[in-house]
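First up is the structure itself, then whatever we jot down about it.
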Amino acid sequence: MKQMRSRILLIAALLSMLLPTSQSSAATAIVRDGNTLQLGNVIYRLDGIDVPSIDQLCIDEHADSWTCGIEARDQLTKLIGGKQVRCDDLGADPTYKKRRIGVCKIEGETTSLSQLLVQKGFALNIEASASGRFKPDEARAREDRHGLWKGCFAAPREFRAAKKDGPLLGAACRADRDREIREALFPEDLVMPARCNIKGKYAVRARVTGNLGIYHLQACRSYPGLKPDRWFCSEEDAQAAGFRRAYNCRSTTKSK
């Protein structure tokens, strides 16, 4: 009997390690970007929304460009305000298996961080159905010109795909200034966000490995003089965006 009980306890312990828990313990959150946070050693992408990437630029109501991706990250940080966060784990992120999809809330609150970001105008609803959870919040933010909606911007997914001819969003999009606005939203020399010095370059040859592009570290031979299409803060961020490391960045082991 004692041996059987030990086996049951061992099996239960193994299952607890292999199967994801449905809900995380409340913990201090590390904000990675406007759509991603880390609780302990688990990284969650917020469920149901899309948010500007760290290196994305937008246009404000005065036609000036601003770093809306950084502001989206800062808005998420302000919303959390150092409080404990809890996430319901919905499973692996289909675009990057090392991340989880999470419905994340501040401990003791009922409104998710996803919904709060949409309400503030710094996130878009991405649920395709007409009854998308955050569509009313998005419509209200657009009507009241909150956050991104006061200016003009490209949908985050179109910025990440470098789709420069896609529809523009926001109250300050002017048809008579379309070319100038697109040049500001997709500049040839993309500003490097602070502490985000990994260069990303779209490349057709990267598609052989199922990627969108290639990222280059400062130590790479290819780094100097390379004009990036994207900037990333970490290799994990670059990989999550569909970029692989440049081959000349990989360390080589010397034969003895």
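Annotations for the structure displayed:
- Qualifying residue in the range 137-149 (condition: under 25 Å from TYR202 (Cα atoms) and in contact (Cβ under 8 Å) with a residue 40 or more places away in the chain): no
- Hey, ALA219 assigned to a loop (DSSP other than H, G, I, E, B), more than 24 Å from the chain's Cα centre (by Cα), within 25 Å of ARG145 (Cβ to Cβ) and touching a residue at least 12 places away in the same chain (Cβ under 8 Å) or not: no
- Residue check, ARG205 over 21 Å from the mean Cα position of the chain (by Cα), within 22 Å of GLY69 (Cβ to Cβ), not polar (S, T, N, Q) and not in a loop (DSSP other than H, G, I, E, B): no
- Checked against the criterion of being of a type in the set (Phe, Trp, Tyr) and either open to solvent by 50 Å² or more (accessible area, probe 1.4 Å) or touching a Ser or Thr at 6+ places or on another chain (Cβ under 8 Å) (or both), the candidates PHE134, PHE122 yield just one match: PHE134.
- Hey, ALA72 crowded, with 19+ Cβ neighbours inside 10 Å, closer than 30 Å to GLU180 by Cβ and in contact (Cβ under 8 Å) with a residue 40 or more places away in the chain or not: yes
- Among the candidates ARG142, ARG100, residue that is open to solvent by 30 Å² or more (accessible area, probe 1.4 Å), farther than 25 Å from ILE43 by Cα and in contact with a Leu (Cβ under 9 Å, 6 or more places away or on another chain): ARG142
Condition check ((1) open to solvent by less than 20 Å² (accessible area, probe 1.4 Å); (2) over 18 Å from ILE54 (Cα atoms)) across all residues:
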position: GLU127; (1), (2): no, yes
position: GLU138; (1), (2): no, yes
position: LEU148; (1), (2): yes, no
position: ARG157; (1), (2): no, no
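The rows are residues; the columns are (1) touching a residue at least 40 places away in the same chain (Cβ under 8 Å); (2) open to solvent by 30 Å² or more (accessible area, probe 1.4 Å); (3) closer than 30 Å to VAL118 by Cβ; (4) not β-branched (Val, Ile, Thr).
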| residue | (1), (2), (3), (4) |
| --- | --- |
| ARG160 | yes, yes, yes, yes |
| GLU183 | no, yes, yes, yes |
| GLY210 | no, yes, no, yes |
| TYR215 | no, no, yes, yes |
| PRO228 | no, no, yes, yes |
| GLN239 | yes, yes, yes, yes |
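- Matching residues, the range 32-49, being in a strand (DSSP E or B) and surrounded by fewer than 19 Cβ atoms within 10 Å (Cβ to Cβ): GLN38, VAL42
The values are calculated or read from the model by the stated rules, or taken from the named source; none is laboratory data. Since we're looking at a predicted model, the values are computed, not measured. Neighbour counts run over all protein chains shown; Cβ positions are idealised from the backbone, glycine included. We work out accessible area using only protein heavy atoms, side chains counted, and drop any ligands, DNA or RNA first. Shrake-Rupley method; radii C 1.70, N 1.55, O 1.52, S 1.80 Å.
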